[in-house]
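What follows is a set of notes on a single structure, which appears directly below.
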């Protein structure tokens, strides 16, 4: 019953979307006033999608196995929490969430832009509806989340245990709120171009709609990184896995976009560049969805499915990209700003240089991610690209990037301001070098890359702290907290990554019960083990005593054997020591008394990485606090 | 040439040179860090032993996993049901690494039949077959519909 209502509301919603598109064309082609219920129809289509999503959630919660998606991905044994979050732990449910968020952004846009020029407003909604319509068709025709199964099975197949984690509730929705959210600024761009309102005011308006999804995306990626760290037991925070890269690509593009839209807002420059970045950001978000959903990748995110859907998504992406480019080419020439004449060492100059660096990083990540796929499509060869590829190419550019991030904000718009800042910048360089020398002596590491990484990130951090501490005469409200927080966060991130890279330790061993295994300053004793029965799994828990420089810590990693589906997961045990972590993941064994294999990691300054993610996210949130000197 | 043309021309030349340098840089780094995949049949057909890191994938042969006395060290056989590759691996076996299931091993080849494994890739769910392994089984003519879930 619920499944019928769910499907019917999706169908009605797509009919309404089609009707909205027709109303728009009628207005544009034949003149006459726009239908008075245009926006009301859009809101109705949003509510219908929301209703069908809620119904799917209910079906998962009550384990309605007459629905294929529920049957294949749920089980009555599962705790309530995972029945609920399991809604988006599969292809159909996550696509429905995807569409719900496209629609939600349109809905929010209508709420917050009541004062906006009428034609820009309805044209933007027209483009947002087109996106919604295309994806609704895709959902209903190829991946109906309410598809039924008969006879109704008594029991479901269960959810992949790796996904049975509290973060399943947060990570996918935030990631989607991020990259699907860029659909709105994409529609806004097309709306602006079509109605000839792509100008400085557009930049002022678009800023908010870039910051919002960017903040969600940053947070979503951070959550994913944290999840991989403690749940998958791989001991690290980033693996340059194609799926991780899929989320990083739109992040880099949107970060470049945030900065270029600021230049557009302040100096009437970079009109074309901003337009291209807007299209690129959304297309990369869709491309990420394609990579993950098409099943061509080997990853926890690929829900082993039908590659045909991948082809459909590829077709939709091409369609959207081509239409956007055609509109851009036809319309952009009429409304370019003052493109020429960048002044050396002005604020916009440093932003443009950083934009080039971001595009370079984006190119590197895109090539590394797509090259193996293209190669396997066109030749018989199957390859993968190792993490060293990314590390060696990106590291030197990150250092330059950090320095520019430190210098840029001290420059003035439209003015060469190197001379007036020379003393300040020299003092930043000196103080960062002194602190770096101290760090290098204390930690006894004189590696060149290490020193460079620490010095450049400290330069950025010092420049941010100085700005905050020195300008006493500026009122608190006038600070650009958004920039200060996110830039400081990025500085700390690179600092933490450098420290983690050079000081982390990892080793694997097998220890007999009661025995001790030593590695450098660590001594690990396997002191005890016991087993436990969970709701839908059996658990074997080990107890390890770790001695480091006379201090003793007890870690209790475990291994879970899930029954539906039958699979093992490692539950890591992590104990913090200031900013660093001691971390043990345990191996499965049928006979624990003969010893268990473990992986031990000492993750230096890993908590600083989480802290940096939080700082950058806070920076994004603070962009919504109105500053006093802002119009 | 007018000054404006000169300026544009020099801008064009500089960006072309920059582009080429950066392109070469990316290309070299990509070449140096590419890991090729082979099935056991591919390996047996090779005339020359590949150097550096490679990946070998197939099914873990039933009853082939053996634990050595040494600290967490194992040997096992990867098969595409036509040819076998022997693997020696030091480290822990991932939870999803099981006999009869698909796995991909990254390591260095000692000779055409013997791989020193460094990393085991098995991080998907229990029904999922790595695409490379499915391809290897299809190539060796031993693909079975049951493997598809």
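What would the Debye equation give as log₁₀ I(q)/I(0) for the stretch A:562-631 at q = 0.18, 0.25 Å⁻¹, counting only Cα atoms as equal point scatterers? Per q value, in the given order, log10 I(q)/I(0) is -0.85, -1.07. Both radii are taken from the alpha-carbon atoms of chain B; with Rh as the Kirkwood radius, Rg/Rh is 1.26. Between the beta carbons of residue A:589 and residue B:45, assuming R0 = 41 Å, the FRET efficiency works out to 0.60 to the nearest 0.05.
Considering every pair of different Cα atoms, what Kirkwood radius, in Å, is found for the stretch A:129-228? Before the final figure, lay out each step's value.
Numbers: mean 1/r = 0.0596 Å⁻¹.
With all distinct Cα pairs of the stretch A:129-228 included, I get 16.8 Å.
Each of A:551, A:348 was scored by other Cβ atoms within 10 Å of its Cβ. Listed from fewest to most, they are A:551, A:348. Using a simple spin-label model with pseudo-atoms 7 Å out from Cα toward Cβ, residue A:311 and residue A:448 lie 5.2 nm apart. When A:123, A:589 are sorted by how many other C-beta atoms sit within 10 angstrom of their C-beta, beginning with the fewest, the order is A:589, A:123.
Suppose a student asked you for the relative contact order of chain A, using Cα pairs under 8 Å spaced at least 6 residues apart; what percent would you report? Let's see the in-between values first.
On the way: 1007 pairs, mean separation 70.9, N = 631.
Value for chain A: 11 percent.
Set the Förster distance to 45 Å, then compute FRET efficiency between residue B:20 and residue A:578 from the Cβ-Cβ distance, nearest 0.05. Using R0 = 45 Å, I get an efficiency of 0.45.
Find the eigenvalues of the gyration tensor of the Cα atoms of chain A, then list the square roots of 5 times those eigenvalues as equivalent ellipsoid semi-axes, largest first, in whole angstrom.
Numbers: eigenvalues 344, 287, 75 Å².
Computed over chain A, the values are 41, 38, 19 Å.
For the stretch A:496-581, the fraction of alpha-carbon pairs lying more than 19 Å apart is 49 percent, rounded to a whole number. Alpha carbon centre of the stretch A:512-591 versus the stretch A:246-279: separation in Å? Taking the Cα centre of each part, the stretch A:512-591 and the stretch A:246-279 sit 46 Å apart. For the protein assembly as shown, the mean residue ellipticity at 222 nm estimated from helices alone is -18500 deg cm²/dmol, where every DSSP H run of n ≥ 4 contributes -39500 (n - 2.57) and the total is divided by all residues, rounded to the nearest 500. Across all C-alpha atoms in the stretch A:399-548, the radius of gyration and Dmax reach 23.5, 70 Å. Residue exposure proxy: A:152, A:367, ordered by other Cβ atoms within 10 angstrom of their Cβ from fewest to most, comes out as A:152, A:367. A Förster radius of 51 Å, combined with the Cβ-Cβ distance separating residue A:28 from residue A:377, puts the computed FRET efficiency at roughly 0.80.
Laboratory data are not the source of any read-out in this text; all were calculated from the coordinates shown. Please read all numbers here as calculations on a predicted model, not as lab measurements. Note that we place each Cβ from the backbone using ideal geometry, even for glycine, and neighbour counts take in every protein chain shown.
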